[in-house]
1. Take the residues in region 169-224 that are over 18 Å from V237 (Cα atoms) and part of a helix (DSSP H, G or I), then tell me which one is most open to solvent (accessible area, probe 1.4 Å).
2. May I ask you to list the residues in region 144-160 that are open to solvent by less than 20 Å² (accessible area, probe 1.4 Å) and closer than 22 Å to I95 by Cβ?
3. State which residue is nearest to D66 (Cα to Cα) when the search covers only region 120-136 and only residues that are free of Cβ contacts under 8 Å to residues at least 40 places away in the same chain and open to solvent by 50 Å² or more (accessible area, probe 1.4 Å).
4. Which condition number does L100 fail, the rest of (1) hydrophobic (A, V, I, L, M, F, W, C); (2) assigned to a loop (DSSP other than H, G, I, E, B); (3) at pLDDT 95 or above being met?
5. Which residues, counting only those in region 19-39, are over 27 Å from the mean Cα position of the chain (by Cα) and farther than 17 Å from A80 by Cβ?
6. Does S124 qualify as being outside any helix (DSSP H, G or I) and either of a type in the set (G, A, S) or under 20 Å from K218 (Cβ atoms) (or both)?
7. If the requirement is being of a type in the set (S, T, N, Q) and closer than 28 Å to A27 by Cα, which of these qualifies: T82, T122?
8. For K114, work out the one condition from (1) open to solvent by 10 Å² or more (accessible area, probe 1.4 Å); (2) within 23 Å of A80 (Cα to Cα); (3) in contact with a helix residue (DSSP H, G or I) (Cβ under 7 Å, 6 or more places away or on another chain); (4) not in a loop (DSSP other than H, G, I, E, B) it doesn't fulfil.
Amino acid sequence: MEVEELAEYVLVEAPDYISDLPDECLACIFQSLSSRNRKHCSLVCRRWLRVEGQSRQRLSLNAHSDLLPLVTSLFSRFDALTKLCLKCDRRSVSIGDEALVAISIRCRNLTRIKLRACRELTDSGMAAFAKNCKALKKLSCGSCTFGAKGMNAILDNCPSLEYLWVKRLQGIANAATAEPIGPGLAASSLKTICLEELHNGQCFGPLIIGSKNLKSLKLSRCSGDWDKLLQVIADRVTGLAEIHLERLQVSDTGLVAISNCLNRYFPSRQNPGVY
C-alpha cells in the first residue's frame, strides 16, 4: 500500500507557472538579473534563449578582428540593443570599418556606444556608422585612431547627442593637418563634453563654443595654451554650470574669464563648479 501511494504521489506533476508567463513578463524578469545569470537562463530552453536575446538592451563585446564573421548571427539574436560597448586590448587587432558598419545596420536604435582601443576604425567607418545610428545620445571613445572627419560625421548626423567623451584620439594629434571639429547638428543638444589626454584638443573649440546648451565641460591633460579658448567659451557659452580643469595649461587670464562668466550667470557662488 505504501509503495502504491508513493508511486501515485510521484506521478502527480506540479503546475508549470513559468511556461504560462507571457514573453513580456519573462523579459521583465530577465532585466532584473545580472548579466551572468541572464546567460545561464538563456541556456534553459529555446524560448528563454529567444526572449532573453530580444529583451537585452545592453551588450559588451571584445572587439577583436575575429568578431566580424559573428556579427550577423550575434546581432540577429540581440536585435533590440540600445547600449553597446566595443573594447579591444592593446595587444590584439581590433575590428575594422566593415564590422562596425555591419553592426550599425543591425543596431539602428543604438543610443549609447563605447569604443575602447578600436585602432582599426577610420573616418569612413565612423561616417557610415553615424548615418545608420542617428538616434545616438552618448558617445564615448578612447584610444581610437579615426580623426576629425569621423568625429564631424557623428556631430552632423546625430542631432540628439547629449554626452561626448573623447580620450587619446590619435587621429587629431597633428595640429598642422587636423581640421576643426564641430559644431554640427549635435551642438544644440550637447550637454556634457569631456576631453582627456589630447595633443590637439583645441580643434574641439568650434564644438564647445557652438554648444549653446552645454552644462558641463571637462578638460583633463590636454596640451596647448587654453587661455584664449576659455575666454571665448566664457563669453559665448552662457549656460555652463560646471567646469573641470585638470593638469591644463591655463594662466590667470583664462581663470579670470571663467570667473567673470560665473559672476554673471551664477551670482550666489556657493557652488561655482570650478575644480
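1. The extreme case among them is Q170.
2. Going through region 144-160, the residues open to solvent by less than 20 Å² (accessible area, probe 1.4 Å) turn out to be 144, 146-148, 150-151, 153-155, 158.
Matches in region 144-160: C144, F146, G147, A148, G150, M151, A153, I154, C158.
3. Top of the filtered list is T122.
4. Condition not satisfied by L100: (2).
5. Across region 19-39, the qualifying residues are S19, D20, L21.
6. Numbers: outside any helix (DSSP H, G or I): no; either of a type in the set (G, A, S) or under 20 Å from K218 (Cβ atoms) (or both): yes.
Here the answer is no, as S124 does not meet what is asked.
7. Working: T122 fails: closer than 28 Å to A27 by Cα.
Matching residue, one of T82, T122: T82.
8. (3)
The values are calculated or read from the model by the stated rules, or taken from the named source; none is laboratory data. Given the structure is predicted, the values throughout are model-derived calculations rather than measurements. No Cβ is skipped: glycine too gets one built from the backbone with ideal geometry, and neighbour counts run over all protein chains shown. Quick note on the areas: whole protein, heavy atoms, side chains included, nothing else; ligands and nucleic acids left out. Shrake-Rupley method; radii C 1.70, N 1.55, O 1.52, S 1.80 Å.
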